[in-house]
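Participant: A single structure is presented below for examination.
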Amino acid sequence: MKRPPNVPDSELEVLKVLWDRGASTIREVLTVLEEQGKTWCYATVATLLDRLASKGMAVSLRRGHLHIYKAKVTPNVIEKRRISHLVEHLYNGESGRLVLHLLRNHRLAPHEIEEVRHLLDEMSQPKPKPKAKSLAATRPKAANAPASSSAPKTRRRAK
């Protein structure tokens, strides 16, 4: 299975602009980044957008002489990739250590605490065992077999 491409912080900053603004030109992305205090030049933003497009994370549309870029991945996809990478490389695959670190070192809003409790309660419940299927339910039916009657059918002659 092919590994998903890496998303460095600089490319993530550009993706965030595309998620917030939607389809944007290089100049529009640069303007937003400058408003955020970034001092990148036009060529840098163009390169980052081209990299995102080559990785399949953005799409480039051409309208006249303008290149318009649009995010092709959702924030959720990137969050999953980056968190999975963090768990594997920093926590040696032990996701519980990451969860404990977050709970100990970062404040949660009351609704988030309730959501965590709910998830923990769900995880604590024993999972129901799958019901055994009856032998008749698992037996494949013949493709041309009659559905209800086992009596042979007779043909009528056309008059």
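Participant: Can you run down the residue pairs with Cβ atoms below 6 Å, 6 or more apart or on separate chains, where the first is in segment 57-68 and at pLDDT 90 or above and the partner is charged (D, E, K, R) and surrounded by 11 or more Cβ atoms within 10 Å (Cβ to Cβ)?
Facilitator: Taking only residues 6 or more apart or on different chains, the pairs are MET57/LYS72; ALA58/LYS72; VAL59/LYS70; VAL59/LYS72.
Condition check ((1) surrounded by 12 or more Cβ atoms within 10 Å (Cβ to Cβ); (2) assigned to a helix (DSSP H, G or I); (3) touching a residue at least 12 places away in the same chain (Cβ under 8 Å); (4) acidic (Asp, Glu)) across all residues:
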| site | (1), (2), (3), (4) |
| --- | --- |
| LYS80 | yes, yes, no, no |
| HIS89 | no, yes, no, no |
| LEU102 | no, yes, no, no |
| ARG107 | no, no, no, no |
| GLU114 | no, yes, no, yes |
| HIS118 | no, yes, no, no |
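The values are calculated or read from the model by the stated rules, or taken from the named source; none is laboratory data. Just so it is clear, the model here is predicted, and its values are computed rather than measured. Cβ atoms come from the backbone with ideal geometry, glycine included; neighbour counts cover every protein chain shown.
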